[in-house]
Structures are given as C-alpha cells and as structure tokens.
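Comments concern the structure below.
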Amino acid sequence: MKIKRVDRTTAHIYDNLCQAYEAEFSPLTHKQPDADGWFAKDTILDGNITGYLVYSDNRPAGLAAIKQEPQNELEVCEFYVVPFYRRNKLGQHFAAALFDKMPGHWQIKQIEGANQAIAFWRAVVTDYTSGHYQEDSYNDPYWGKVTRQTFMANSQVKKSGSE
C-alpha cells in the first residue's frame, strides 16, 4: 500500500475514481450523470480539503478527501476503495494511515441507507481507537440524516490489528 497526496499530475486519477464512487452511491444520493455521463462531485479539492490516493501494486485502489479546520479538526469528506481491493483490509489500513498522519479530532459521516459504509467505519474506528469513540445520528444540512463517528487520533493511540 502506498498513499499519495493528489496534485496536478494525479488529479485525473482522483477524478476517474470519483466517478465510480459517485455512481456507487447514486441510489442513495439520487444523483444522475450529466449528458456526457459524468457525475457532479460533492467535494472539491481546494483550500482546506486535500485529496489522497491509495495504491496497491502500483495501481490506484482508492481515494480520500480530508477537510482540515483550525485546531486539528478533521473530517473524512469522501472515502472510496475500488471493489476489487475490498475485504483485504486495504481500506482499514488506508484510513488508519491517514489518522496517524494527521493527529486531531476526527469525524466521519455516512448517509442514511449506506449500511455497508456504516459497518465499515464502525469496524475501522473501533479497531483504531480500541472502542474509544462516540457515535451519534443527526440531520446534516447537506446530506440529511447521517450516522457520525468522532474520536481523537494522536501518536499515543495504540492500534490493534495493524499490519
């Protein structure tokens, strides 16, 4: 597994993977592609939002968009692993590596109906924090009802089940 920050030379790879991500969630977001077959992105990489790509065997295997606010307030805005690479813990290792790279107070939200995503994030955060996190449900102004996990990531957090 190799993680690269998205830059001008890799932005097209990020955009390509975003299309698969947006298509996969379109039944829940009710998005349709435009006349050219492209889905609009919800998160633009700009300002305080940084994109990351994860590679497996030198092939792009997933993406993440992370928003970082002052006082190390961080949010996973987008996270996607290509189905071929799922169920081998690539997503879990990718997420944990991002948490380790950026210590602070994290939040992750999943839209209503995204049951696989909710189960994935519960497992990831439980493993990463040894169960020391909070979860709630609330009405997000953009997404509607969401499930949210919040926790602190720092260099002192002991992770179980790591590589």
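The values are calculated or read from the model by the stated rules, or taken from the named source; none is laboratory data. Keep in mind the model is a prediction, meaning the values are calculated, not measured. Cβ atoms come from the backbone with ideal geometry, glycine included; neighbour counts cover every protein chain shown. Heavy atoms of the whole protein, side chains included, go into the accessibility calculation; ligands, DNA and RNA do not. Shrake-Rupley method; radii C 1.70, N 1.55, O 1.52, S 1.80 Å.
Data for the structure
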read-out: Considering residues of the stretch 106-116 that are touching a helix residue (DSSP H, G or I) at 6+ places or on another chain (Cβ under 7 Å) and in a loop (DSSP other than H, G, I, E, B) only, the residue surrounded by the most Cβ atoms within 10 Å (Cβ to Cβ); value: 114
read-out: Residue match in the stretch 83-96 (condition: in contact with a Pro (Cβ under 8 Å, 6 or more places away or on another chain), surrounded by 14 or more Cβ atoms within 10 Å (Cβ to Cβ) and more than 14 Å from residue 17 (Cα to Cα)); value: no
read-out: Meets criteria (over 20 Å from residue 44 (Cα atoms) and at pLDDT 95 or above) for residue 79; value: no
read-out: Residue match in the stretch 120-132 (condition: part of a strand (DSSP E or B), exposed (fewer than 15 other Cβ atoms within 10 Å of the Cβ) and without any contact (Cβ under 8 Å) to a residue 12 or more places away in the chain); value: no
read-out: The stretch 133-159, subset assigned to a strand (DSSP E or B) and of a type in the set (Gly, Ala, Ser), residue least open to solvent (accessible area, probe 1.4 Å); value: 153
read-out: Of the criteria (1) surrounded by fewer than 16 Cβ atoms within 10 Å (Cβ to Cβ); (2) at pLDDT 95 or above; (3) out of contact with any helix residue (DSSP H, G or I) (no Cβ under 8 Å at 6 or more places or on another chain), which one residue 26 fails; value: (2)
